[in-house]
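Chemist: Below you will find the structure I want to go over with you.
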Amino acid sequence: MKVVSTIAELKEIIRGWKKEDLSIGLVPTMGYLHEGHGSLVTAARKDNDRVVVSIFVNPIQFAPNEDLATYPRDLEKDSAYCESLGADVIFHPEPEEMYHKNFTTFVDMTLLTEELGGLTRPTDFRGVCTVLSKLFHITEPDRAYFGQKDAQQLAIVRHTVEDLNMNLEIVGCPIIREEDGLAKSSRNTYLSEEERKAALVLSRAVFHGQKMVADGETDASVVLGEMKQMIEAEPLAKIDYVKAVDGLTMQQITEIKAPALVAMAVYIGKTRLIDNFIV
Ligand code: PAF
């Protein structure tokens with residue numbers, strides 16, 4: 001497995017693979033990899049001849065008050081993990097490599113980013129769409145892999161790829177959870193022991209809401225009301241949002257029926273965690 005840090009090096013490798021007509025799977029990440037990312041690399045390995053994992057803490061998707069400087073990083077551990085899963089290349093550029101000083105082109109979208117995460121984190125999705133467009137152009141993948149944990153991101157990426165006629169398939173993979181239910185996230189490492197216990201309120205609320213819907217409740221205000229009540233009973237938790245939206249347009253819905261997404265972002269102390277279920 002190779003670790004490359006320049007766009008030129010990666011493009012050279014891609015050119016070689018394209019000449020041999022090899023299919024390419026891309027797993028875009030911000031590093032500090034866990035089994036959630038691992039499941040994406042494994043899926044990419046299964047579907048493609050070659051696998052690229054990008055590890056880039058993308059500065060333009062963080063708002064000034066967010067955790068860009070402290071976002072956890074461990075390239076050595078990530079490299080060993082990717083190698084054990086059979087990745088071929090890690091692309092690990094510096095911010096200046098991705099955004100030269102005259103960088104001025106952004107990929108933005110309306111509608112899908114106005115709800116959920118977009119309400120409180122307006123910079124996020126513009127930065128995500130821009131960096132992914134760059135990664136797709138550089139890597140020319142046949143497929144790119146994303147976790148369902150950030151369901152809004154997944155919907156947005158699918159939409160961008162369709163709107164801009166990009167020539168790749170977006171593959172969504174299920175949420176991977178700890179044994180006790182907490183969705184795996186690089187940000188879980190920020191949690192103290194007490195916060196780690198409190199964070200279980202997210203998955204408990206998700207499972208509860210999911211069961212209500214499975215049992216036939218479709219009124220969003222009833223389902224969301226009970227989920228919010230559970231979360232509010234946890235003193236360390238502060239709700240950013242708990243909402244039901246259409247799974248394709250990301251617009252709020254009052255009746256939970258497929259394709260729906262019930263998603264939440266909750267602060268546990270200072271750490272913002274997300275979780276969801278799809279219908
Ligand atoms: O989900 C993430 O880790 C990031 O948003 C992504 C897709 C790698 C873009 O920076």
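Values in this text are rule-based calculations from the coordinates and carry no lab data. All values reported here derive from a predicted model rather than from experimental measurement. In this analysis, Cβ positions are derived from the backbone assuming ideal geometry, glycine residues included, and neighbour counts consider all displayed protein chains.
Chemist: How many residues, within the range 26-81, are over 21 Å from I13 (Cα atoms), hydroxyl-bearing (S, T, Y) and within 14 Å of the ligand (Cβ to nearest atom)?
Modeler: Residues in the range 26-81 being over 21 Å from I13 (Cα atoms), hydroxyl-bearing (S, T, Y) and within 14 Å of the ligand (Cβ to nearest atom): 3 in total.
Chemist: Could you run through the range 151-160 and say how many residues are of a type in the set (A, V, I, L, M), without any contact (Cβ under 8 Å) to a residue 24 or more places away in the chain and either out of contact with any Gly (no Cβ under 7 Å at 6 or more places or on another chain) or away from the ligand (no atom under 14 Å from the Cβ) (or both)?
Modeler: The number of residues fulfilling the criteria is 0.
Chemist: Then there is this: Just to be sure I understand, how many residues within the range 124-149 are more than 12 Å from the ligand (Cβ to nearest atom) and part of a helix (DSSP H, G or I)?
Modeler: Qualifying residue count, the range 124-149: 3.
Chemist: Quick one: G172 ticks every box in (1) over 12 Å from the mean Cα position of the chain (by Cα); (2) within 16 Å of the ligand (Cβ to nearest atom); (3) farther than 22 Å from P95 by Cα; (4) outside any helix (DSSP H, G or I) except a single one, so which number is it?
Modeler: (1)
Chemist: Would you check which residues across the range 126-185 are under 26 Å from E12 (Cα atoms), touching a strand residue (DSSP E or B) at 6+ places or on another chain (Cβ under 7 Å) and hydroxyl-bearing (S, T, Y) and list them?
Modeler: Within the range 126-185, T139, Y145 meet the criteria.
Chemist: While we're looking at this one, here's another question. Which residues, counting only those in the range 36-50, are surrounded by fewer than 20 Cβ atoms within 10 Å (Cβ to Cβ) and among the small types (G, A, S)?
Modeler: Residues satisfying the conditions are G38, S39, A43.
Chemist: When the residues of the range 82-96 are filtered to those that are in a loop (DSSP other than H, G, I, E, B) and farther than 18 Å from S186 by Cα, which remaining residue is farthest from the ligand (Cβ to nearest atom)?
Modeler: G86
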